[in-house]
Amino acid sequence: MTLPAPEPEWLAHAYRRFAVEQPDRPAVTDATTGTTVTWKELVDRAELAARGMAARGAKQGDLVTIALWNSVDFVVADLATWFVGATPQPLSQKLAVPEFQAILEIAKPAVVVGDEALSEHFGAEMVSVAHLERDGAAYDGELPDVLAPSLKAPTSGGSTGRPKIILSGLPAIVDDAGLEIWRIDNDTVSLVSAPMHHNAPHMVMYQTLARGGHVVLMDRFEPEQVLSNIEKYRCTLLYVVPIMMRRMWNLPEKVRSRYDISSIETVWHMGAPCPAWLKEHWIEWFGAEPIMELYAGTESQAITVINGVEWLTRRGSVGQVVSGEMVALDEDHNPVPTGTPGELWMRRTPDKDETYHYVGADAKLLDRGDGIVWESLGDVGQFDDDGFLYLHDRKTDMILVGGVNVFPAEIEAALDKHPAITSSAVIGLPDEEYGNRIHAIVHADPGTDLDDVHRHLVEHLSPHKRPRTIEINDEPLRDDAGKARRSALRAERLKI
C-alpha cells in the first residue's frame, strides 16, 4: 500500500514552529543598525501586526502592499501578511508617483504598509508596522488559522514594459524542492543587500526563514560593507547581481583581501547577463563550487541552474533546465537546430500547479496546434547538445543593423572590460542607411579617451557590432535589481 505524500507545511506554521523550537536563535539582523531579533521576538511582533491587519479588514486572499526599505519591519510585515492569510505585494519606494498609484489601483490592497513620509509623497493611505502592532494589541477578534492562496505578488515591467503584478499560483507553503536548489538549510545565514521589493532578494529572505535560518539585511548595497558583513556575521549565502559583482571586484585588492569570506558556501547571481571575465574573477575569488547562477523569470515557468564547476567547461552557459520545460523557436515558431539562437518559450510541466497569473497584463502565449501552451519572456538563446542554455539577449533589446541581429549584452561585456569604464548600456538609434546605429552610453571619467575605447573594441568585437557613437553620462544605466534600462535610455534620447 502506497501512503499519500505528506502535505507541505505552511510558511506561517513553519515560522511559528521555529519560534517554539529555537526561540533564542537569531532570525533577522539589520546590519545597518546592528539590531538582531530572535525567532520568538520576530514571530511575536508578526502576530501583533497580523492582528492589526485583521483589525483593518485584511483577510484570506487579500493583497497587502509593503513599501518598506530592507529592515526588520519589512520581515515583520511579510510574516504578518501570511499569518492573516493574505499575500505580500512588495513595492519600490523609488517608483514615480503615477506608477505607484497605478499599481495600487490594480492591486486594490487591503492594507498598505509604509510610513508617514511615503504616504505624503505618494498620496496614499499607509500604516507603519509600529502602528499595526499597537492596533493588534488592542484587537480582541480571533486571528484565523488560514493559508494564503498565493505566496507573493511582486511587480514587474518585464518584457511588456508596462507595470504589472505577478501573482504567484503557489500558496504560502514551504517549498522543499526550491530550498534544495537554493542550498538553504537550518544553518544558513543569508546576506541580502539588494532591495526586497525585487523577487529574488525577497525570496532569499523568506526561503532562509522557511528553514529556520538567519537573515542579515542591508538597507542599501555598499561593496566593502558586504564583505565586512560576511566576516562579522559568518554569512554562508550571498545574493548578488552582476553590477554588484563588478563593484565588489573593483575594490582595491588590499581591501578585498582584508576580509575573511571563508564562511560563504553559496553565491547566487542572476537578474542580468554576467560577463565571462567577471565570473572568472569571482570563481578565482570564492572558488568554483560556491558560484551558482540561475536563469528564470519572476513567473518561474521554467528555471535553469549552473554551478561554477560546470561553467568552467561551458563558459557563458546559464545551465540546464531543472524545473519546467524550455524550447528555442524561430520566427515561425519551429524548433531551431542545436547551437542556433531562437526565442525562448517556456512552460510548467503538466504535473505542476499553475506558477502565476498576471494582474494588469496578459501573458505572451503560444499554442503550436498541439494544445500545449508556451510562454515567452522575450529572451533569445540557444542550447548545446547536452541541453545547456546560452543566452543572447532580450528580443525587445535586440538591435537590427543592416539586417543583422546585434545583441547589446555582448557589446556591453566588451565595453566593461575597458579599465576606464565602470558600467555601460547599448541601444539602437535610428539610421537612414542601416536602420539602426549602435550607440553606447558609459560610466567613465569625463576625460576618458574615447578613441582608446574604440581601439579596445576592435580587439573584442566584429565590425558590425562596434558602437558608432559612445556617450559618457552619469545617469543610471541599470535599475536597483541590476537590469539594464535600455528602453528608457533609448526613449530619453529620442524624446519619446
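Return the residue satisfying two criteria in turn: it lies in segment 437-496 and is touching a strand residue (DSSP E or B) at 6+ places or on another chain (Cβ under 6 Å) and at pLDDT below 85, and of such residues it is nearest to Ala194 (Cα to Cα). Within segment 437-496, the match that is nearest to Ala194 (Cα to Cα) is Arg478. Residue pairs whose Cβ atoms lie under 8 Å apart, separated by 6 or more positions or on different chains, with the first residue in segment 182-205 and over 12 Å from Val267 (Cα atoms) and the second aromatic (Phe, Trp, Tyr) and in a loop (DSSP other than H, G, I, E, B), are Ser193/Phe221; Ala194/Phe221; Pro195/Trp69.
Is one or more of the residues making up segment 19-26 without any contact (Cβ under 8 Å) to a residue 40 or more places away in the chain and under 29 Å from the mean Cα position of the chain (by Cα)? Yes; the residues of segment 19-26 include at least one that is without any contact (Cβ under 8 Å) to a residue 40 or more places away in the chain and under 29 Å from the mean Cα position of the chain (by Cα). Gln382 meets all of the listed conditions (1) touching a helix residue (DSSP H, G or I) at 6+ places or on another chain (Cβ under 6 Å); (2) more than 21 Å from Arg485 (Cα to Cα); (3) at pLDDT 90 or above; (4) not acidic (Asp, Glu) but one, namely (1).
Annotation for segment 67-76: no member residue is under 22 Å from Ser150 (Cβ atoms) and polar (S, T, N, Q). Each residue in segment 79-104 was checked for being touching a His at 6+ places or on another chain (Cβ under 9 Å) and hydroxyl-bearing (Ser, Thr, Tyr), and 1 pass. In the set (1) on the phi < 0 side of the Ramachandran plot; (2) over 24 Å from the mean Cα position of the chain (by Cα), Gly57 fails one condition alone, (1). Return the residues of segment 165-206 that are more than 16 Å from Thr87 (Cβ to Cβ), of a type in the set (S, T, N, Q) and not in a loop (DSSP other than H, G, I, E, B); say none if nothing qualifies. Across segment 165-206, the qualifying residue is only Ser190. Flag: Glu99 does not match the condition of being part of a helix (DSSP H, G or I) and free of Cβ contacts under 8 Å to residues at least 24 places away in the same chain. Scanning segment 284-299 for residues that are farther than 14 Å from Leu238 by Cα and without any contact (Cβ under 8 Å) to a residue 60 or more places away in the chain, we see that the one that is surrounded by the fewest Cβ atoms within 10 Å (Cβ to Cβ) is Glu284. Ala288 - would you say it is among the hydrophobic types (A, V, I, L, M, F, W, C) and closer than 25 Å to Arg478 by Cα? So Ala288 does not fit the description; no. The helices (runs of 4 or more DSSP H) located wholly in segment 221-264 that include 3 or more residues which are modelled with pLDDT of 95 or more occupy 223-233, 253-256. Taken as a whole, the condition of being modelled with pLDDT of 70 or more and either in a loop (DSSP other than H, G, I, E, B) or in contact with a helix residue (DSSP H, G or I) (Cβ under 8 Å, 6 or more places away or on another chain) (or both) applies to Thr340.
Selection over segment 105-117 of residues that are surrounded by fewer than 19 Cβ atoms within 10 Å (Cβ to Cβ) and more than 17 Å from Asp135 (Cα to Cα) gives a count of 4. Could you list, in sequence order, the residues of segment 36-63 that are touching a strand residue (DSSP E or B) at 6+ places or on another chain (Cβ under 7 Å) and over 18 Å from Leu11 (Cβ atoms)? If the condition is that a residue be touching a strand residue (DSSP E or B) at 6+ places or on another chain (Cβ under 7 Å) and over 18 Å from Leu11 (Cβ atoms), then Thr36, Thr38, Arg56 are the ones that fit.
Being in a helix (DSSP H, G or I) and among the β-branched types (Val, Ile, Thr) is the filter; apply it to segment 72-95 and report the residue that is nearest to Val37 (Cα to Cα). Steps first, please.
Looking only at segment 72-95, we keep the residues that are in a helix (DSSP H, G or I), and these are 72-83.
Keeping just the survivors that are among the β-branched types (Val, Ile, Thr) gives 72, 75-76, 81.
Details: Val72: 8, Val75: 11, Val76: 10, Thr81: 19 Å.
Once the filter is applied, the top-ranked residue is Val72.
Can we say Trp82 is crowded, with 17+ Cβ neighbours inside 10 Å, closer than 17 Å to Glu142 by Cα and of a type in the set (Phe, Trp, Tyr)? Yes, satisfied.
Among the residues of segment 451-496, which ones are of a type in the set (A, V, I, L, M), surrounded by fewer than 16 Cβ atoms within 10 Å (Cβ to Cβ) and part of a helix (DSSP H, G or I)? Once the filter is applied, which keeps residues that are of a type in the set (A, V, I, L, M), surrounded by fewer than 16 Cβ atoms within 10 Å (Cβ to Cβ) and part of a helix (DSSP H, G or I), segment 451-496 yields Val458, Ala491, Leu494.
Condition check ((1) among the hydroxyl-bearing types (Ser, Thr, Tyr); (2) over 17 Å from Glu492 (Cβ atoms); (3) in contact with a Gly (Cβ under 7 Å, 6 or more places away or on another chain)) across all residues:
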{"position": "Glu410", "(1), (2), (3)": "no, yes, no"}
{"position": "Leu415", "(1), (2), (3)": "no, yes, no"}
{"position": "His418", "(1), (2), (3)": "no, yes, no"}
{"position": "Ser424", "(1), (2), (3)": "yes, no, no"}
{"position": "Gly428", "(1), (2), (3)": "no, no, no"}
{"position": "Asp431", "(1), (2), (3)": "no, yes, no"}
{"position": "Asp445", "(1), (2), (3)": "no, yes, no"}
{"position": "His456", "(1), (2), (3)": "no, yes, no"}
{"position": "Leu461", "(1), (2), (3)": "no, yes, no"}
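Give segment 1-55 a look and list any residue that's among the β-branched types (Val, Ile, Thr) and either crowded, with 16+ Cβ neighbours inside 10 Å or part of a strand (DSSP E or B) (or both), or say none. Those that are among the β-branched types (Val, Ile, Thr) and either crowded, with 16+ Cβ neighbours inside 10 Å or part of a strand (DSSP E or B) (or both): Val28, Thr29, Thr32, Thr35, Thr36, Val37, Thr38, Val43.
The values are calculated or read from the model by the stated rules, or taken from the named source; none is laboratory data. This structure is a prediction, so every number in the text was calculated from the model and none was measured. Here the Cβ is made from the backbone with ideal geometry for all residues, glycine too, and neighbour counts use every protein chain on show.
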